[in-house]
Amino acid sequence: MGVVRNEHERIVQAPAEAVGALLDRLSAEDDPVFPVPAWAPMTFDRPLGVGATGGHGPIRYSVAAYEPGRRVRFAFTPPGEGFHEMTVESRGEGRCLVRHVLEMRQSGVDRLLWPIAVRPVHDTMLEELFDNIERAATGGCARPVRWSLRLRLLNRLWWPRPRAVGVPPEARLLRASVERPGYQDAYRMDLRAGLPRDPGAWTGVLRDAFPVVAREGGELLMDVNTAGLSARASILVDERHVTLSTAVRADSVRARLYWGVVRRVHPFMARTMLRRTHRRLALAAPHAGERATGTGHSTVSAPSHFVSG
């Protein structure tokens, strides 16, 4: 069993009090620093404070120590062993040092995964978090982190997958559009902070190939009739989810033959298109620090510095 220690730090041209106030908003709905929606959000079962449990993505931990405006330590949930900690220290008037330290014990396959996959993701997420602190505290980031090809591949592989659900009751346009459908399905993904709540932004799920025939509130209805099928697709967006639903009725022999073939691949294609659009919109969204200041995208330039070991 080995011990991994990983450190990141950055001087920020802002008072420690201002940066500490940003860290106090970690995991809040208006969290200005955690790199969402490009990565899974940090969430807890209660507001940030000792005893709160949660994590981000598959990484689970609880708040072990908290000094508002100065320091927060997270202890990994068993079987994990170790901690990660954020601190803010004044470096004179108008400047501060932000540091993140991770220390954990590893054994077995974790010792192989850490250098190959986990550390590149961890390092990039931490540098993006520091970038957001700079954006929110100073209004800009001089050297935002850049993603390597390996990071893009890992992000794509680990992106969440849609889950099958029943057609939601709120999909009223879909339910009214196809009488006595012979087939219905629905797939849903969580909406991360920064993702659009306008269903019109999600029409790329179907590659903008089908016309929009109706819209009501958070639901948008598209005509996907083909080969004699009576078929509609609904994109429903609420505060927590985006749901892609389909209703199909095959009345003719030609339509039934066509649907008998397409039905085998439809669930896979629906999931793939929703997941692809979800990721594309997330990577195009403003950073958390930009959302906090109301600015647009910063230009990605030279890679940010980091210290790890």
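A short reminder: the numbers here are calculations on the coordinates, not readings from a lab. The model shown is predicted, which means the values in this text are computed figures rather than measured ones. Note that each Cβ is placed from the backbone with ideal geometry, even for glycine, and that neighbours are counted across all protein chains shown.
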In region 183-245, if every C-alpha pair distance is counted and binned at 5 Å from zero, what percent goes to each bin? 4, 18, 30, 26, 14, 6, 2, 1, 0
Give me a comma-separated list of calculated 3J(HN,Hα) values for region 234-240, in order, Karplus coefficients 6.51, -1.76, 1.60 applied at θ = phi - 60°, integers in Hz, x for any Gly or Pro. 10, 10, 10, 10, 10, 6, 10
If you take the charge dipole of region 131-270 about its Cα centre, with +1 on Lys and Arg Cβ and -1 on Asp and Glu Cβ, which of Tyr258, Ser177, Ala209 is farthest toward its positive end? Tyr258
With a Cα-only, solvent-free Debye model of the chain, what are the log10 I(q)/I(0) values at q = 0.14 Å⁻¹? -1.05
Residue order, fewest to most beta carbons within 10 Å, for Ser245, Ser252, Ser230: Ser252, Ser230, Ser245
Whole Å is fine, so just give me how far the alpha carbon centre of region 108-183 lies from that of region 197-244. 22
At R0 = 35 Å, FRET efficiency that the Cβ-Cβ distance of His266 and Thr43 yields, to 0.05: 0.60
Measure of compaction for region 120-190 (Cα Rg per 2.2 N^0.38 Å): 1.86
Once Lys and Arg get +1 and Asp and Glu get -1 on their Cβ, which of Pro41, Gly2, Ala21 lies farthest toward the positive end of the dipole of region 1-45? Gly2
Pick from Arg71, Arg240, Arg264: which residue has the top mean-square fluctuation in a GNM of the chain where Cα pairs under 10 Å get a spring? Arg264
Cα Rg, Dmax (largest Cα-Cα span) when computed across region 2-158, Å: 15.3, 47
Nearest-20 debye value, the chain charge dipole, Cβ charges on Lys, Arg, Asp, Glu: 1380
Overall dimensions of region 15-106 as given by Cα atoms, namely Rg and Dmax in Å: 13.3, 43
For region 163-282, the Kirkwood Rh over every pair of distinct alpha carbons, in Å, works out to 14.4
Across Arg99, Arg275, Arg91, the residue with the highest GNM fluctuation in the chain (Cα network, 10 Å cutoff) is Arg91
Relative frequency of Cα-Cα separations exceeding 26 Å in region 86-239, percent: 53
When the helix-only estimate is applied to the chain (DSSP H runs of n ≥ 4, each -39,500 (n - 2.57), divided by the residue count), what is the mean residue ellipticity at 222 nm, nearest 500 deg cm²/dmol? -8000 deg cm²/dmol
